[in-house]
Amino acid sequence: MYNFSKAIQMPDGSLLRIEQMARVSLYDNGVGVLDDRGRMINWIECTDVDKRNAIAAILLDVMNSPRRAKQPDWRFLHDAEAAPQAPVPAETPMHALVPPRRQLSADAREASSSPLASVQASPMTSTSAPKD
């Protein structure tokens, strides 16, 4: 028997299996839950930025620790008060540690694609012996 939840109830009352959830995407008018093929499997309509961030934090917490998942409390979506604060991650996520790729300028791209780029870039030095 399982002692953890295999599905969570969404704000609209539908049930969503945790194993189907692969990605959470924030949009201007709501939060989308996508499966591993990129298909939208659930949509939560919300225009408030703080509430959208709280929804995403709840769903990501469920996805990252499915065996400890509890039924989310969606009451804050219907309350006039502000959304609860999103939990602060204990560790820095790996994608935050990897620096973004730099875009090379057109000149740098041409220079790096040329096979003689390293030869052309280095100045020629004289190999003759110094005069006494």
Query - Distant-in-sequence amide H partners of residue 5 (H built 1.01 Å from N, under 5 Å) - result: 69
Query raised in the report: Which residues' amide hydrogens lie under 5 Å from the amide hydrogen of residue 23, considering only partners 5 or more residues apart or on another chain, with H built in the peptide plane?
Result: 34
Requested in this report: Express in nm, to one decimal, how much length is gained between residue 17 and residue 70 on full extension, taking 0.36 nm for each residue of separation and deducting their alpha carbon distance.
Outcome: 17.8 nm
Query raised in the report: Between residue 9 and residue 47, what length in nm is gained on full extension when 0.36 nm per residue of separation is reduced by their alpha carbon distance?
Result: 11.6 nm
**Report entry** Other-chain or far-sequence residues with amide H under 5 Å of residue 30's (modelled H)
**Finding:** 46
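Every number in this text was worked out from the coordinates using simple rules, so none of it is lab data. The model shown is predicted, which means the values in this text are computed figures rather than measured ones.
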